[in-house]
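Just below is one structure, and these are the notes that go with it.
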Amino acid sequence: MASIIKETQSIKEAVTLINAIDVIKFSRLISRIIQKLHLKGERTFSEEEEQKLQTALSLDKQALNLVLETSAFILEQQQLQGISMNPDKAEVFSQTWSTSGPELVDRLKRNIFAPKKLDFVSWQLNLQMAQSSQARLKSPSAVLQLGLHNEDSQVQENVFVEFNHQELLEFYNKLEIVQGQLDSLA
C-alpha cells in the first residue's frame, strides 16, 4: 500500500520527537488533539497549557508546535505506514482513532464548510422600456436578493445579484446540475 503521507524533512523531525515522548503522555496528547480536531479555527491547547506541555514533554515551543501539527495531520490522514514511527506510537494513533474517530467524523459531518449560510431568497423583475438613445427598448432583468448570515455572529447580510435573460438561464442550468449531483448523493 502506498503511503499517503510523504516523508518530508518536517515529518521526519516530528516523528523523531514523537518517538521520544513517553507513550502514556503521548496517548493523552493524542486524545486531546482528536477531541478538538473538528474545530478548525480553534487552538487545541491554550498558551498556558502549551507552556506546561513544553515542560512536561521537554520540548521547545517550535518542537511542540511541530508535534501538535503533525499529530493532527496524521489523525486527519489516518495513515502511519512509511514514516518510521515506532510501533507503540502508531498503536496510540490507532487506538485513539478507533475510540474517538467515529465521533470526530460525526462532528465533521455537522460542520459547515462555507462561512455564510443562505437564509432567504427574494426576487424582483425589472423591465427597462426606453433609454435616451433608444425610444423603443425592451430590456428585462431579474434582481435576486440573497439573505446570508454568518454562523458565528448571526449578522444578516443582503447580497443583490442582477441577471439578464441569458445570465439567469445559465445560472438556472448550473443550479440544475448542482441539484442533480446532490440527488445522486442522497
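Every read-out reported here was derived from the displayed coordinates using simple, explicitly stated rules and does not represent laboratory data. Since this is a predicted model, take the numbers as computed values, not measurements. Using ideal geometry, Cβ is built from the backbone for each residue, glycine included, and neighbour counts are taken over all protein chains shown.
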- Highest mean packing first, using Cβ neighbours within 10 angstrom, the peptides 157-167, 48-58 sort as 48-58, 157-167
- Kirkwood-Stokes translational diffusion coefficient of the range 140-186, alpha-carbon pairs, 37 °C, 0.692 mPa s, µm²/s: 258
- Message: How far apart, in nanometres, would the label points at Asn150 and Glu167 be if each is projected 7 angstrom from Cα along the Cα-to-Cβ direction?
- Response: 2.6
- Once Lys and Arg are counted +1 and Asp and Glu -1 for all other residues with Cβ under 14 Å from that of Gln54, the total becomes -2
